[in-house]
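Structure first, then comments.
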């Protein structure tokens, strides 16, 4: 199976077919929601703009932090539980004009902050591969809707690893292109310097097809990039013989008792050998461990600082679920106190603390310095190598009833969180499924230098062929 | 005794077509909450885009204020929660203001002084709030309106210099057409920093910051009040606190708002949604080479080249269009002194009398120049010229045409004048006799009769000469 989109497309001959597919998909979405709680909203009206694009008539789901005019957009937050936007995000507009059919808005960790899929205001999202396990986040519902076979693709957002990690946990493809490749206009700002639009799909080809539709400069987003003029789907089958990949020793060298992690690392080395056999060089590279250890802390510092400011618009005054008070201050305090979950409030308090005059130098500016040092080192490596390859995560999707999911084992902290590097540098980065551990899918992550979106997809496609992952079917 | 040191922070709203970071219309004369967009309301997912026109206008002011201009534009967030700020932060320039280290010259009769500019930066305005007894009304029309803030060094040493600076700055802004800088519309607003120090002390005293003073008259009063208040404190040994104060135009006094002006932490950090934007040197060069001649340069030229007084020159440059009228008239051949007299006296008088603004008139340099040459070639008298001037402005007609229509051409032909003279002499035998008896000052009466008979059209000098010849023949 090369492309779910093309496969579906072949069945669509006219408007009737498209409508039929829409109705079928809505049925599936409803089942998916009963089982996994993937959707905040399932579209109740059929809307389709005829187009000659490859996506014409293709159903998809959209993370509920993309603004959709006239359609509830909650960010999975109580504060926005009845917010209906007055404008379209650029991503939604482009998909609409390409003839794609929106079937629902998917659950996320509240305001995209979190990686568990457990903090949305409509409840936890379950992993279609195993309902007792999390799917990760924050693009939880998007991953679930693709993994469960409801839609061939979904649009998510990725600030730390929010597209790639749930993709990895649920055995699908998660791709975020270079920062600015896809306009962020209409995507709820979380941490603007790290936020990316990403695509979740079953196959690399489909990720390329959708990226081709979405990419390009948007005058509404000053950080968006001028189009590179490359049609990625045309480049994915290029020969990768002679390409050079590297992995980072300090990340993969894990001393752990966790059998799943051990198994995952074993699988990774097996894959490396297979890759070497097709004429691709893979080398081990050493990276300053103290810098790597600072990744997660720096990420929290930068993202909390930006998010506390980005979300200062949520006061209940011009819009949102207002809780009344005796004056504007009390309205704001009441609204924000009742509207946000504890986790979000913790991040806002942290962000606010980090940005305080007396703390900025130590907590914020140092984090930016760490980010810069890591990016400089990575850029050096990308001058020498085509891409970085690592397991997307350490372990498999965590159990709901496991220990506090926010606390990660120190043993494999780096392996669990290295994909943040892709957001620090704005690099194109993809996770594709490459096997199973403990009967759960695991993903491998390829990250290339900025602007090398075509190359990233190309390498991923070739590895996809090499891996021949068979996740089985989780259709609803 | 004590010397005052004043520093000013001046906010100016730019007259761009759209807002600083959104495509909404930037305009005042609309109903409330109409010039708004999803971006102004900070709906989730909206992003700012930088208004090029606003940047260009701000750069032209930075050039006029002789600042060093940053090689790139970069914005910061100033974070605070208030209903007039839907985003919860204001986009401003902290880390890298557009311009730094400039100056603006202020002139007076005695010469010139440089007022040093610490920085000039771009930011956005907040919404306007109207507080009622039980509730407040928010008008978002103003949210996101482009502002430039001009911050002087604490280097102004008198209230007169402060006002002169503000008037000069406002004039520069109007010449550059970057803002109407109308105080009554809040298009130019000031924060005033005032401190006192002992005559012989080099160290600045503790300052009070008076916020949001909305007219130059209020600036004057606020400074004067602060000087008095602080002087009283110093004399009576009361400690002057570093504080933020507000000025009340009703009482003419300032009142403490909060102590320690830097108590609020705005948690500034770099705006991540706007990338650094290079300011190309060619853009600055282009703005420089297309820059209008500013009022100070004009004043200097009028004094040195046109030999006008400082007072006249200042009067002529008070509005760009008036100055342009003056220069146009001079360029067409009129003498600067005559052109200046007409503008600074007759025209000003006309405006005052009719309660008009200059821009409501349609007077051109061609008109004024023609009027002046009609007087100089003796086609009309000075008396007639006043009448022509009124019609010229009132009906926006060329003076030549007016003179024809009103039949005002002066008669200078000696034969014609001689006829009028002899007609008068014939019918005033008594007066002629009186003259002959030696009372020669009766000639004044006869001259009056000649002018009367001719309907005031004859050239009086020629008539006078002919009268004195003809009367001798009697």
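The values are calculated or read from the model by the stated rules, or taken from the named source; none is laboratory data. Given the structure is predicted, the values throughout are model-derived calculations rather than measurements. All Cβ positions, glycine included, derive from the backbone under ideal geometry; neighbour counts span all protein chains shown.
For the range A:56-89, a tally of residues being away from chain B (no Cβ under 11 Å) and in contact with a helix residue (DSSP H, G or I) (Cβ under 6 Å, 6 or more places away or on another chain) returns 7.
Here the range B:127-142 is the region considered, the condition is being free of Cβ contacts under 8 Å to residues at least 24 places away in the same chain and in a strand (DSSP E or B), and the residue that is surrounded by the most Cβ atoms within 10 Å (Cβ to Cβ) is B:130. Among the residues that make up the range B:62-74, is at least one of them touching a strand residue (DSSP E or B) at 6+ places or on another chain (Cβ under 8 Å), part of a loop (DSSP other than H, G, I, E, B), farther than 30 Å from residue B:157 by Cα and at the interface with chain A (Cβ under 9 Å from one of its Cβ atoms)? Scanning the range B:62-74 turns up no residue that is touching a strand residue (DSSP E or B) at 6+ places or on another chain (Cβ under 8 Å), part of a loop (DSSP other than H, G, I, E, B), farther than 30 Å from residue B:157 by Cα and at the interface with chain A (Cβ under 9 Å from one of its Cβ atoms).
Looking at residue A:270, is it assigned to a helix (DSSP H, G or I), modelled with pLDDT of 95 or more and either in contact with a strand residue (DSSP E or B) (Cβ under 9 Å, 6 or more places away or on another chain) or within 20 Å of residue A:429 (Cα to Cα) (or both)? The answer is yes for residue A:270.
When the range B:151-169 is filtered for residues that are outside any loop (DSSP other than H, G, I, E, B) and out of contact with any helix residue (DSSP H, G or I) (no Cβ under 8 Å at 6 or more places or on another chain), the ones remaining, listed by number, are B:151, B:160, B:161, B:164, B:165, B:169.
Within the range B:86-126, the only residue that satisfies the criterion of being within 20 Å of residue B:72 (Cβ to Cβ), in a loop (DSSP other than H, G, I, E, B) and touching a helix residue (DSSP H, G or I) at 6+ places or on another chain (Cβ under 6 Å) is B:98.
Answer yes if at least one residue in the range A:170-183 is at pLDDT 95 or above and within 19 Å of residue A:400 (Cβ to Cβ), and no otherwise. Yes, the range A:170-183 contains at least one residue that is at pLDDT 95 or above and within 19 Å of residue A:400 (Cβ to Cβ).
In summary, residue B:328 fulfils each of the numbered conditions (1) part of a helix (DSSP H, G or I); (2) surrounded by fewer than 13 Cβ atoms within 10 Å (Cβ to Cβ); (3) without any contact (Cβ under 8 Å) to a residue 60 or more places away in the chain with the single exception of condition (2).
When the range A:38-91 is filtered for residues that are out of contact with any strand residue (DSSP E or B) (no Cβ under 8 Å at 6 or more places or on another chain), more than 17 Å from residue A:213 (Cα to Cα) and touching a residue at least 60 places away in the same chain (Cβ under 8 Å), the ones remaining, listed by number, are A:75, A:77, A:78, A:79, A:80, A:81, A:82, A:83, A:87. The criterion of at least 3 residues that are surrounded by fewer than 24 Cβ atoms within 10 Å (Cβ to Cβ) is met by the following helices (runs of 4 or more DSSP H) wholly inside the range A:84-192: A:90-97. Within the range A:183-196, which residues are within 16 Å of residue A:226 (Cα to Cα), more than 7 Å from chain B (Cβ to nearest Cβ) and within 14 Å of the chain's Cα centre (by Cα)? Hit for the range A:183-196 is A:196, nothing else.
Given the condition within 14 Å of another protein chain (Cβ to nearest Cβ) and on the phi < 0 side of the Ramachandran plot, answer yes or no: does some residue in the range A:247-267 qualify? No, every residue in the range A:247-267 fails to be within 14 Å of another protein chain (Cβ to nearest Cβ) and on the phi < 0 side of the Ramachandran plot. Checked against the criterion of being under 15 Å from residue A:102 (Cβ atoms) and surrounded by fewer than 24 Cβ atoms within 10 Å (Cβ to Cβ), the candidates A:65, A:37, A:23, A:13 yield just one match: A:23. Looking across the range A:277-301, just one residue is over 30 Å from residue A:352 (Cα atoms), surrounded by 13 or more Cβ atoms within 10 Å (Cβ to Cβ) and free of Cβ contacts under 8 Å to residues at least 40 places away in the same chain, and that is A:281. Would you call residue A:368 more than 10 Å from chain B (Cβ to nearest Cβ), under 24 Å from residue A:159 (Cβ atoms), touching a helix residue (DSSP H, G or I) at 6+ places or on another chain (Cβ under 8 Å) and in a helix (DSSP H, G or I)? Criteria not met by residue A:368. Taken together, the residues in the range A:326-364 that are surrounded by 13 or more Cβ atoms within 10 Å (Cβ to Cβ) and within 27 Å of the chain's Cα centre (by Cα) amount to 17.
When the residues of the range A:455-465 are filtered to those that are in contact with a strand residue (DSSP E or B) (Cβ under 9 Å, 6 or more places away or on another chain) and farther than 30 Å from residue A:32 by Cβ, the one that is surrounded by the fewest Cβ atoms within 10 Å (Cβ to Cβ) is A:455. The set of residues in the range B:50-77 that are over 30 Å from the mean Cα position of the chain (by Cα) and surrounded by fewer than 21 Cβ atoms within 10 Å (Cβ to Cβ) comprises B:71, B:72, B:74.
Among the residues of the range B:40-58, what is the count of those that are out of contact with any helix residue (DSSP H, G or I) (no Cβ under 6 Å at 6 or more places or on another chain) and within 9 Å of another protein chain (Cβ to nearest Cβ)? Selection size over the range B:40-58: 9.
Can you confirm whether residue B:34 is under 20 Å from residue B:276 (Cα atoms), part of a loop (DSSP other than H, G, I, E, B) and in contact (Cβ under 8 Å) with a residue 40 or more places away in the chain? Judged against the criteria, residue B:34 is not a match.
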